Amino acid sequence: ARGLAAGPETHFGFQTVSEAERREKIYQVFENVAKKYDVMNDSMTLGIHRVWKDILVHKMNPSPGTLLVDVAGGTGDIAFRFINYVRSVRERQLQQKLKRHQNLSWQEISKSYQEEKVNPLGDSQVVVCDINKEMLKVGKQRAQHLGYSEGLSWVLGNAEELPFDDDKFDVYTIAFGIRNVTRIDLALQEAYRVLKPGGRFLCLEFSHVSNPLLARLYDLYSFQVIPVLGEIIAGDWKSYQYLVESIRRFPPQEELKAMIEDAGFLKVDYQNLTSGIVAIHSGFKL
Amino acid sequence: LRAPPLSAGRAGLSRAEPRAEEEPEQEEADGSFQLYPGHIPTSPLQKALLAAGSAVVALCDPYRHDMVAVLGETTGCLALPNLRDKMKHDPEGYRILQERPRIRLSTLDMDRLRGLPDGTLGREYVRFLEDNKVSPDTRMPAKFVDDEELAYVIQRYREVHDLMHTLLGMPTNMLGEVVVKWFEAIQTGLPMCVLGAAFGPIRLNARKLQVLATELVPWAIRSGRNASCILNVYYEQRWEQSVESLREEIGIFPPP
């Protein structure tokens, strides 16, 4: 399969390290940044990362009853959006049902309100899977703080070797996570394995900007400003230096598309956001 | 400016794109740019951004000691060479620059210092650390100073800060810190000290401000002017000396 070097050498940002070292270093990066992860995301992207994540979930367009696994889901951004989305779809569903039946008895109306209370998500579920304990901890705290509990579970796991059975999920998402995986090919194979036939793979990740002027500005901002923001806000220059380097190291749109196809996915396509700073790749297990 | 090493399996696609001009010295994977352990080379733009950002954060949250440290490092480019020269031209200071002593829990014999008679530098220093529940090991190492010797100078300044508290008799609350900053501003000329001295009082109430303005600051300024350079004192060799005699020797007036 195309992809990473067969030998144990790989990269950590612009450094060359062994695969084991890379995993260790990346674990430490996220252990360090976990508490300030969300603040940093807002600062670095000026809040735009929220729009990107909204677009991802809209593209997914989940209906009630969908089973989602959000890998490298860390602090829960995708999971919470998924829950909000299916909740509102479910509400609309119930409203439509009410509208259609003009002559409802009181019993039927109160039954439908109860349905909404008892099953607000319509049996939808999201499993947040992350390799890093600190990130999961922050995610659970956020969930508690924001009031998310129904239909949500947290699992410690490695994208390269998921702790789930075959053919389990309707949708697999990985948002800003696949870049940190050491063996992307393995992660893609695992994604294929745990998806049900007909299931969808969605990946939101930093990608490559082709417009040369924008690329220069983006590079300038990335290398001059982002590590400074990391130092000022999180007291951690090096983790954010790693972040911007790892974005440059990650395969561009077409190459990632090929890797996804190699894992067996069909109808693979991508959509550039913000001129290619970020891209959403999509594929189906058919 | 090297291109980053390519990983062999990338199907021939080159990652070394239009980056040559864009990334100057921040590739600290490159050992030759790192002048000392912990050194992070920075471009002038980054230093400016760091200085501005750390100033804002330090003002909003004075307990972010790391931001105070960063502010000191990024704005000290004129004051630090000055201090280094003062040290070079003084016999004791010169020795300090040569021997590079560090004040750390691992290098200090706390029990011995505690056993010294009251009024000695060693005894009072330990008393200060215990009363204020601070430790010399919480000082940030220098990161953004682009000269190895100057990095030591600012490190020495940080480590000597607690001794300043001891010699000036000031506690580590906001008021005490501001007074020490005034003294240090006069002594070192570091912009960070000047900013701290000027803006620190914003957080004090009216009563404290009055004491500050009428008694403490004038005394700090007089002492700062009168005293010889505080970095030229080899404190580690003077633990047995009494605080009073050391004050007299340096030229610090007795605290009000």
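Taking H placed 1.01 Å from N in the peptide plane, check which residues at least 5 places from B:PHE253 or on another chain put their amide H under 5 Å from its amide H.
B:SER223
Roughly speaking, what is the centre-to-centre gap between region B:113-160 and region A:222-244 when only Cα atoms are used, to the nearest Å?
For region B:113-160 versus region A:222-244, the Cα centre distance is 29 Å.
Gaussian network model of chain B, Cα springs within a sub-10 Å range: biggest mean-square fluctuation belongs to which of B:THR120, B:THR214, B:THR172?
Highest fluctuation among the options: B:THR214.
Going by C-beta contacts inside 10 Å, put B:ARG123, B:ARG222 in order with the fewest on the left.
Ranking B:ARG123, B:ARG222 by Cβ neighbours within 10 Å, fewest first, gives B:ARG222, B:ARG123.
Under a point-charge model restricted to the Cβ atoms of Lys and Arg (+1) and Asp and Glu (-1), what is the dipole moment magnitude of chain A relative to its Cα centre, in debye to the nearest 20? All intermediate terms of the calculation are to be shown ahead of the outcome.
Values: 35 positive and 36 negative charges, 178 e Å.
Result for chain A is approximately 860 debye, rounded to the nearest 20.
Exactly which GluC sites (Glu not before Pro) in region A:72-158 are in a DSSP loop and have at most 12 other Cβ atoms within 10 Å?
Those that pass, being in a loop and sparsely packed, are A:GLU150.
Please rank A:VAL194, B:VAL153, fewest neighbouring Cβ atoms within 10 Å first, as an exposure proxy.
In increasing order of surrounding Cβ atoms, one gets A:VAL194, B:VAL153.
Helix B:79-88 sits at what angle to the longest principal axis of chain B, using alpha carbons and giving 0 to 90 degrees rounded to 10?
Compared with the principal axis, the helix lies near 60 degrees.
Please return the longest stretch of chain B lacking exposed loop sites, where GluC sites (Glu not before Pro) count only if DSSP places them in a loop and at most 15 other Cβ atoms lie within 10 Å.
Values: sites that count: B:GLU21, B:GLU240.
Of all site-free stretches, the longest is B:22-239.
Near the amide H of A:GLY199, under 5 Å away, which other amide H atoms are found, from residues 5 or more places off or on another chain, if H is placed in the peptide plane?
Residues meeting the amide H criterion: A:LYS285.
Can you tell which of B:ALA79, B:ALA197, B:ALA69 shows the greatest fluctuation in a Gaussian network model of chain B with Cα springs below 10 Å?
In this elastic network of chain B, the residue with the biggest mean-square fluctuation among B:ALA79, B:ALA197, B:ALA69 is B:ALA79.
For the charge dipole of region A:1-148, defined by +1 on Lys and Arg C-beta atoms and -1 on Asp and Glu C-beta atoms about the Cα centroid, which residue among A:ASN119, A:MET44, A:LEU98 has the Cα displaced farthest towards the positive pole?
The one lying farthest along the dipole's positive direction is A:LEU98.
Under 24 Å Cα to Cα from B:LYS86, which lysines show up? Leave out anything in the same chain fewer than 8 places away.
Straight-line reach from B:LYS86, under 24 Å: B:LYS143, B:LYS181.
To the nearest 20 debye, what charge dipole does region B:36-250 have about its Cα centre, counting +1 at the Cβ of each Lys and Arg and -1 at the Cβ of each Asp and Glu?
Using only the charged Cβ atoms, the result is roughly 460 debye.
Which far-off residues, 5 or more places away or on another chain, put their amide H under 5 Å from the one on A:SER18, with H placed in the peptide plane?
Amide H neighbours of A:SER18, under 5 Å, 5+ apart: A:THR10.
Any lysines with Cα under 18 Å of the A:LYS196 Cα? List them, leaving off those in the same chain fewer than 8 positions away.
Hits, sequence-local ones excluded: A:LYS168, A:LYS267, A:LYS285.
Please report, in Å, the Rg and the Dmax of the protein assembly as shown, where both are computed over Cα atoms only.
Every Cα atom of the protein assembly as shown included, Rg and Dmax give 29.6, 100 Å.
Would you mind ranking A:ASP262, A:ASP236 so that the residue whose beta carbon has the fewest other beta carbons within 10 Å leads the list? Don't jump to the answer; show the numbers that get you there.
On the way: A:ASP262 15, A:ASP236 19.
Result, fewest neighbours first: A:ASP262, A:ASP236.
From the phi angles alone, apply the Karplus equation (6.51, -1.76, 1.60; θ = phi - 60°) to region A:189-196 and give each ³J(HN,Hα) in whole Hz, x where the residue is Gly or Pro.
3J(HN,Hα) across region A:189-196, in whole Hz: 5, 5, 4, 4, 5, 7, 7, 6.
Once all Cα-Cα distances of region A:55-168 are split into 5 Å bins that start at 0, what whole-number percent is in each one?
Using 5 Å bins, I get a P(r) of 2, 11, 19, 19, 17, 12, 8, 6, 4, 2, 1 for region A:55-168.
Quick one: pull the percentage of alpha-carbon pairs in region B:36-250 with a separation above 26 Å.
34
Any chance you could run the full-extension gain for A:LEU217 through A:GLU261? It's 0.36 nm times the residue separation minus the Cα-Cα distance, nm to one decimal.
12.6 nm
Where the centre of each part is set by its Cα atoms, how far does region B:64-78 sit from region A:85-103, in angstrom?
The two parts, judged by their Cα centres, are 59 Å apart.
Any read-out appearing in this document is the output of simple, stated calculations on the displayed coordinates, not a laboratory observation. None of these values were measured; they are calculated from a predicted model. In this analysis, Cβ positions are derived from the backbone assuming ideal geometry, glycine residues included, and neighbour counts consider all displayed protein chains.
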